[in-house]
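A.B. asks: I have a structure I would like to understand better, so I am pasting it below and will then ask my questions one at a time.
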Amino acid sequence: MLLPDVEQVVEGALLAAGEPLSVERIQGLYDEGERPSRKAILSALEALREDYEGRAIELVEVASGWRIQVRASVAPWVSRLWQEKPARYSRAMLETLALIAYRQPITRGEIEQIRGVAVSTPIIKTLTERDWVRVVGHREVPGRPALYATTRRFLDYFGLCSLNELPPLAEIRDGSFFEQALPALAEAEAADTDASKQQDQAAPPGRPHLVLAASNGSTLPDGGQSDGASQVPDRQQHNDDEEP
């Protein structure tokens with residue numbers, strides 16, 4: 001059987017996967033004797049990225065690998081294909097998320113000390129259920145409080161490869177940063193969630209679909225390990241007891 005061009009296989013796999021694919025996973029699509037080199041896969045990915053320039057879709061690299069997604073510039077219109085009400089993210093949840101991203105590993109008590117207000121259980125539950133945050137250990141102090149850090153899935157969701165792509169703290173000192181992040185996050189998640197749901201329930205096997213994701217420039221990004229030197233500034237106190 002004549003082997004298709006590597007670029008065609010890579011593009012088809014990315015369209016059909018519905019999740020980021022690493023170079024190793026793409027190589028695993030081939031039998032041992034016909035497997036292209038890592039360099040060949042990377043060359044195909046770069047060629048695709050250039051080919052998508054100026055189009056409604058783009059090829060991006062995130063923490064778990066590569067994915068094809070709708071550009072943020074057209075995502076608000078494309079997201080209207082799905083009717084589910086977008087999720088809403090409270091300021092309290094985004095502030096908690098930012099603290100974990102920039103100060104991880106961090107305990108709940110340390111988050112409360114910085115913010116000057118108690119962190120509600122629903123916020124922590126939401127972040128862990130979304131697999132954006134996880135417990136990575138316990139502080140060796142009385143009570144051994146849990147240490148929280150961000151996950152690879154969180155990096156993927158916000159279109160990041162590593163913590164080095166986090167915006168400078170100066171950008172998030174302005175409250176408008178969070179306000180601008182909310183609509184983009186909500187629209188992207190609603191489209192992404194419904195796309196996956198429709199694929200699982202209605203799409204025939206192998207039907208390709210596009211991953212909808214917000215771009216780096218319009219969302220609050222995630223992080224992984226940090227040196228602990230950065231600190232998100234305190235904000236006006238408010239009640240966190242409401243569901244995020």
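A.B. asks: Evaluate the distance, in nm, between pseudo-label points positioned 7 Å from the Cα of GLU112 and of GLU53 along their respective Cα→Cβ axes.
C.D. replies: 5.3 nm
A.B. asks: When the dipole is taken about the Cα centre of segment 18-167, and only Lys, Arg (+1) and Asp, Glu (-1) are charged at their Cβ, what size is it in debye, to the nearest 20?
C.D. replies: The dipole of segment 18-167 has a size of about 700 debye.
A.B. asks: For segment 48-89, what is the accessible area per residue in Å², given a 1.4 Å probe and the full set of protein chains?
C.D. replies: 58 Å²
A.B. asks: Apply the a/c threshold of 1.5 to the C-alpha gyration tensor of segment 17-107 and tell me whether it is rounded, prolate or oblate.
C.D. replies: oblate
A.B. asks: Among 157-168, 60-71, how do they line up from the highest to the lowest mean number of other beta-carbon atoms within 10 Å?
C.D. replies: Ranking the peptides 157-168, 60-71 by packing returns 60-71, 157-168.
The values are calculated or read from the model by the stated rules, or taken from the named source; none is laboratory data. Keep in mind it's a predicted model, so treat the numbers as computed, not measured. Heads up, the Cβs are rebuilt from the backbone with ideal geometry, glycines too, and the neighbour counts pull from every protein chain shown. When the accessible area is computed, the model is the full protein with side chains, heavy atoms only, and any ligands, DNA or RNA have been set aside. Shrake-Rupley method; radii C 1.70, N 1.55, O 1.52, S 1.80 Å.
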